[in-house]
Amino acid sequence: MQTDPLWLECAGLSVVGRRANNEDAYLLRPNLGLFAVADGMGGYEGGEVASATVVAALDSMVAHADVDPDGTWPLRERAGLGPLESLVDVALRVADREVRARRTGVLAKMGSTAAVVLARGRRLAIGHVGDSRVYRCRERLECMTEDHSVAAELRRSGIEQRDIAPRFAACLTRAIGMVEPAVPDVCGDTLLAGDVYLLCSDGLWGALADAVIEDILRTSPASDACHALIQAAHDAGSDDNITAVVVRVHASRSSR
């Protein structure tokens, strides 16, 4: 029996918030099943350049693979990953290579985080570098990524959150564009009708409790959810750029 294709309703929004300029970027390519958020860093114009380079590289790599699925990829696949996960992994490493190639002059210290989801049929690959996150709202809200930060490493070692200095949350242990090539974390998932995925920068998740995020994702269409999440984070005191991409999974377009 043939299974009806899923339909992905998506929206994205990024605001400067209480910062002077917006170093976040996001990508919506529903025709490719590709969605991403990048949070740049590096001073001067470095953050904007890094995050824009990341999303452009992801877009180019996945679009090329879609047009020429049997073509040669610019980097070797890592062992142990499935085809979809490998594409996300290579795309992130290509983005890392392109950011590192541009780290000269006033851009010498730039870098970026990245969070990516790529859907094909009922399969989804999730990849990330840094502390931009991917959440899935199904029976409950679940963070599908583990931050690459000093604070996260301390939590994983058993130290209570209350004993971790706030400054450690902003100390990344992995980022795109650093001296050493980035190694993304990549995993696979199965899409179910009714799922909602959120990709966001730390300006959002750092200001909101999981219960607030879950309530908005469960009750709002994708576009409304982006606006509501960003407004809630700003009202909660976020002092960073705030970016959200929301993807709702429908059984068919008529189920919207």
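Quick notes on this one:
- Residue in region 125-142 that is surrounded by the fewest Cβ atoms within 10 Å (Cβ to Cβ), counting only those that are over 16 Å from PRO184 (Cα atoms) and touching an Asp or Glu at 6+ places or on another chain (Cβ under 8 Å): ARG140
- Residues of region 93-102 that turn out to be in contact (Cβ under 8 Å) with a residue 40 or more places away in the chain and open to solvent by 30 Å² or more (accessible area, probe 1.4 Å), as a count: 5
- Among the residues of region 193-210, the one identified as assigned to a helix (DSSP H, G or I) and free of Cβ contacts under 8 Å to residues at least 60 places away in the same chain is LEU204.
- In the set (1) open to solvent by less than 10 Å² (accessible area, probe 1.4 Å); (2) assigned to a helix (DSSP H, G or I), the condition left unmet by ALA244 is number (2).
- One residue from GLY121, GLY105, GLY80 being at positive phi, open to solvent by 50 Å² or more (accessible area, probe 1.4 Å) and in contact (Cβ under 8 Å) with a residue 12 or more places away in the chain: GLY121
- Residues within region 106-118 that are aliphatic (A, V, I, L, M) and under 22 Å from ASP147 (Cα atoms), tallied: 6
The values are calculated or read from the model by the stated rules, or taken from the named source; none is laboratory data. The structure presented is a predicted model; accordingly, all values stated were derived computationally and were not measured. Glycine gets a Cβ as well: all are built from the backbone with ideal geometry, and neighbour counts include every protein chain shown. These accessible areas exclude ligands, DNA and RNA; they are computed on the full protein's heavy atoms, side chains included. Shrake-Rupley method; radii C 1.70, N 1.55, O 1.52, S 1.80 Å.
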